[in-house]
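> Sharing a structure below in structure tokens format, with a few things to ask.
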Amino acid sequence: MSETHAAALNSNRSSRVKSVDLPTSVEAFETALQAERERMLALLRANLEPDIQALVQSQLHAQLEVHRQALEADYQRQIAIERERIERRVAAELAADMQAKIDEGIAAGVAEKIQYILEQWRLSRHRRFGPSSESHQGELFNEAETLVDQAPQTPDEHDDDSDDTDSGKASGDKKKPKRGHRRALPPELPRIEHVIDVPEEQRVCDCGTPMVRIGEDVSEQLDIVPMQIRVIRTVRPRYACVKGDQAPVQMPAPAQVLPRSNFSAGFLAMLAVVKYVDGLPLARFEKVLARHGVDVPRQSLARGIIKLAQALQPLHNLARDALLDSPVIYMDETTVQVLKEPGRSPTSTSYMWVQRGGPPGKPVVLFDYHSSRSGQIPVRLLEGWQGYLMTDGYEGYAPVARGAGVEHLACAAHARRKFVQAKRSSPNGKSARADHALDLFGKLYRIEAQLKDASDAERFEARQTRSLPVLQKLRTWLDDTLPVVTPKSKLGEALGYLHKVWSRLVRYTERGDLPIDNNPAESAIRPFVVGRKAWLFSDTPAGAHASAVLYSLLETAKANGREPYAWLRFVVERLPLATTVDEIEALLPWNTHDQDLAMNLAALE
């Protein structure tokens, strides 16, 4: 109640007491009192109603707010409960779906891993116990590169006890000789005759008549004279006037490729041939010399090899000039370990790059050593060259292939070999899909074999009419099979590789002079790989560079039909006398003749 209302109430009460007359009876008093009570209630109601209404509204609002807050809290609680229930249900569903996918992925991954392990195990078992040939039942060809430079298989002609010396075939007959008959020994080999004649007293008949010679039986056997090691002693007399009026005179020392060395041209040529042609490590050649009573330290042999390669570097440079005149170059690379490479671990892997090409009649094989397999290496080696480059699928050749005027070809033999591996890695060595691809590759190689002696125009026409349909069948089969084979399997890898190189693999059909594969480069690099199995590593980069130079020149000599030792000795003897580029160029294998090489060897005897 406010102060204003209280003051008004007191004032009314005072005025009322003053003016009220006392009642005359009890009933009148009660009536008056009731009336006064009602009047006072009405007065109080009139004065207090606004405050009560405000108080009631305030309390009502307070109660409504409390109720609203309670309802909101209850609503939020219900929402939280429902959200939690939904989240649990969704989380359970997601967890179940994820677990199912994980289980499926794990199962697929485990299956792929098991398949990979099984394929590797089958390949390892085949490499250890299986035949090295990649032939299979019903296929015409073995692996293409196994046929390059390989002589037809014949029985061992030297195990027969027959005395027949004539094979019964003309020298130009290339048919396989019959079993049990020997080939005649090369007529150019020197012969030493041992005549086993009948004693003269046994050449008289029992009747007393002397016998006459009516024929003879001749048999021949190959014989080898062990290595003859000798010392060439050069004596240069010196003359002087007894009076001392003139300076002494003496003939100059003969020019040598390695001045002041005690290794002759013949020794250096033999040293290079036994290491780089025969694959004999210097340590073993050191033992060969020791068996003949000559002690030459291995370090001296290695220094001789390095100095010889440095002297022959001009020939290597001229051979590169000839290589870059080739319209087609084959290229490949293989690993080599160099123990003392500056800034690198002895276990680091380096590379020997090989290139094969050359103009018609001048085949060139070049090796180059580099510590890297970077794509910039072939760019530098083939700088300025334009033509067709044949390689395998290694992406390191892409930079040089992007150069102006360079067309990139892919090797069909590499693509085919991956299907051979897929077949070998399959259970029991059988795979219908791999066999189908191999059959189609076999048809392509059969066409090439039939066109071996054809002209470029004839070969181009045959490739357009016969090879392209086979390639189309292979492409259709590839498109149908690639999506349904797991990429991580051996068959999937073969399909993926074929798909990747397809555009470059079919380009050989564009011309008649383009190769179908990179086998010439693989054949050129094979002697290095065989030798590496024996000598294992190079000690220094200088030794690796020397190996590259000598492998290059000796393999180029072999490619041109020159006997390696005869040619290299001829070159080592004459190189110190060559003073012009033309004189050095005359020593290249295609500029030398077998007759000159033979006469040079004969002059030494």
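The values are calculated or read from the model by the stated rules, or taken from the named source; none is laboratory data. On a predicted model such as this, the values are computed, not experimentally measured, just so you know. Every residue, glycine as well, gets a Cβ built from its backbone with ideal geometry; the counts of neighbours run over all protein chains shown. The area values use the complete protein model at the heavy-atom level, side chains included, leaving out ligands, DNA and RNA. Shrake-Rupley method; radii C 1.70, N 1.55, O 1.52, S 1.80 Å.
> In whole percent, what relative contact order does region 328-371 give with Cα contacts below 8 Å and a gap of six or more residues? Kindly include the intermediate steps, with their values, before the conclusion.
Details: 77 pairs, mean separation 15.9, N = 44.
Here the relative contact order equals 36 percent.
> Now for a different question. For Met352, Met251, Met227, Met211, give the ranking by accessible area with the largest first, probe 1.4 Å. Present the calculation step by step, with values, prior to reporting the outcome.
Numbers: Met352 0, Met251 140, Met227 75, Met211 110 Å².
Listed by decreasing accessible area, they come as Met251, Met211, Met227, Met352.
> Can you give the accessible area of Val273 in Å² (nearest 10), computed on protein heavy atoms with a 1.4 Å probe?
Accessible surface of Val273 is approximately 10 Å².
> Also, quick follow-up: Just to make sure I understand: if all protein chains stay in place, what is the order of Phe263, Phe528, Phe537 by accessible area at 1.4 Å, largest first? Mind dumping the intermediate values first?
Working: Phe263 30, Phe528 0, Phe537 85 Å².
The ordering from most to least exposed comes out as Phe537, Phe263, Phe528.
> In whole Hz, with x marking every Gly and Pro, tabulate ³J(HN,Hα) for region 214-228 from phi via Karplus 6.51 cos²θ - 1.76 cosθ + 1.60, θ = phi - 60°.
Whole-Hz 3J(HN,Hα) from phi for region 214-228: 10, x, 7, 10, 10, 10, 10, 9, 6, 9, 10, 8, x, 3, 9.
> I'd like to know which of Val572, Asn591, Thr556 lies farthest towards the positive end of the charge dipole of region 511-605, counting +1 on Cβ of Lys and Arg and -1 on Cβ of Asp and Glu.
Thr556
> Rounded, prolate or oblate: which fits region 295-345, taking a ≥ b ≥ c as square roots of the Cα gyration tensor eigenvalues, rounded meaning a/c under 1.5, else prolate when a/b beats b/c?
On the way: a/c = 2.96, a/b = 1.51, b/c = 1.96.
Verdict is oblate for region 295-345.
> What residues qualify as long-range amide H neighbours of Asp332, i.e. H under 5 Å apart, gap of 5 or more or another chain, H built at 1.01 Å from N?
Val354
> Now a separate question. Quick one: dipole size for region 386-450, taken about the Cα centre, charges +1 on Lys/Arg Cβ and -1 on Asp/Glu Cβ, in debye to the nearest 20.
Numbers: 10 positive and 6 negative charges, 77 e Å.
My answer is approximately 380 debye.
> Given the peptides 518-524, 449-455, arrange them by the average over their residues of other C-beta atoms within 10 Å, most packed first.
518-524, 449-455
> Kindly report, to the nearest 10 Å², the accessible surface of Met98 as traced by a 1.4 Å probe over protein heavy atoms only.
120 Å²
> Would you work out which of Gly279, Ala269, Leu289 lies farthest towards the positive end of the dipole of region 228-296, given +1 charges on the beta-carbon of Lys and Arg and -1 on that of Asp and Glu, about the Cα centre?
About the Cα centre, the residue reaching furthest to the positive side is Leu289.
> For a protection proxy built on the mean count of beta-carbon atoms within 10 angstrom, sort 343-350, 437-444 highest first, please.
Working: 343-350: 11.4, 437-444: 20.9.
Averaged packing, sorted descending, gives the order 437-444, 343-350.
> How would region 505-605 be classified by its alpha-carbon gyration tensor: rounded, prolate or oblate, with rounded meaning a/c under 1.5 and the a/b versus b/c comparison settling the rest? Before the final figure, lay out each step's value.
Details: a/c = 2.10, a/b = 1.37, b/c = 1.53.
Oblate, because a/c is 1.5 or more while a/b does not exceed b/c.
> Something else now. Counting other Cβ atoms within 10 Å, keep those with at most 15, restrict to DSSP loop, and tell me which chymotrypsin sites (Phe, Trp or Tyr not before Pro) in region 307-416 are left. Working shown, then result.
Numbers: sites: Tyr330, Tyr351, Trp353, Phe367, Tyr369, Trp385, Tyr388, Tyr394, Tyr397; in loops: Trp385, Tyr394.
Answer in residue order: Tyr394.
> Hey, another quick one. Based on the alpha-carbon gyration tensor of region 472-521 and its eigenvalue square roots a ≥ b ≥ c, which shape applies: rounded if a/c is under 1.5, prolate if not and a/b is larger than b/c, or oblate? Spell out each step's value before the answer.
Details: a/c = 3.69, a/b = 1.83, b/c = 2.02.
Oblate.
> Just reorder Arg433, Arg574 by solvent-accessible area, largest first, 1.4 Å probe, all chains present. Let's see the in-between values first.
Numbers: Arg433 105, Arg574 85 Å².
These residues rank, largest area first, as Arg433, Arg574.
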